[in-house]
Amino acid sequence: MNNNLPRLLTPALIKQEFFNGEDMPNLNQAAIYGLFQREDFPSLKIGKKWFVPTNLFLEWLEKEAQKNIA
């Protein structure tokens, strides 16, 4: 795991760190916020802000990638 990543990721940090800050078809800021509202996504809301622990995000991302490979 990249030690430069913070322990908690926000939607904006996910977009910046994992998708180079670029909007792509089906992957814009609204789509990333949609991930945070999915039941299978390991997010938490503190006040009005969404967060996901980095390690849980990476685990979730790997599981999602494995689903698409099979």
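The values are calculated or read from the model by the stated rules, or taken from the named source; none is laboratory data. Worth saying up front: this structure is predicted, and the values here are computed from it rather than measured. Positions of Cβ are backbone-derived with ideal geometry, glycine not excepted, and every protein chain shown enters the neighbour counts. Note: areas computed on protein heavy atoms with side chains; ligands, DNA, RNA excluded. Shrake-Rupley method; radii C 1.70, N 1.55, O 1.52, S 1.80 Å.
A few remarks follow.
- Check on Asn26, open to solvent by 40 Å² or more (accessible area, probe 1.4 Å) and within 20 Å of Lys67 (Cα to Cα): yes
- The residues in the range 29-49 that are open to solvent by less than 80 Å² (accessible area, probe 1.4 Å) and either more than 15 Å from Thr10 (Cα to Cα) or not in a loop (DSSP other than H, G, I, E, B) (or both) can be counted, and the count is 9.
- Cβ pairs under 9 Å, 6+ apart, first in the range 23-37 and touching a residue at least 24 places away in the same chain (Cβ under 8 Å), second open to solvent by 100 Å² or more (accessible area, probe 1.4 Å): Phe36/Lys45
- Residues of the range 2-30 satisfying the condition of being aliphatic (A, V, I, L, M) and at pLDDT 90 or above: Leu8, Leu9, Ala12, Leu13, Ile14
- Checked against (1) open to solvent by less than 60 Å² (accessible area, probe 1.4 Å); (2) without any contact (Cβ under 8 Å) to a residue 40 or more places away in the chain, Pro6 passes all but a single condition, namely (2).
Here is a yes/no grid of residues against (1) under 12 Å from the mean Cα position of the chain (by Cα); (2) under 17 Å from Pro6 (Cβ atoms):
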site: Pro25; (1), (2): no, no
site: Gln29; (1), (2): yes, no
site: Tyr33; (1), (2): yes, no
site: Ser43; (1), (2): yes, yes
site: Val52; (1), (2): yes, yes
site: Trp60; (1), (2): yes, yes
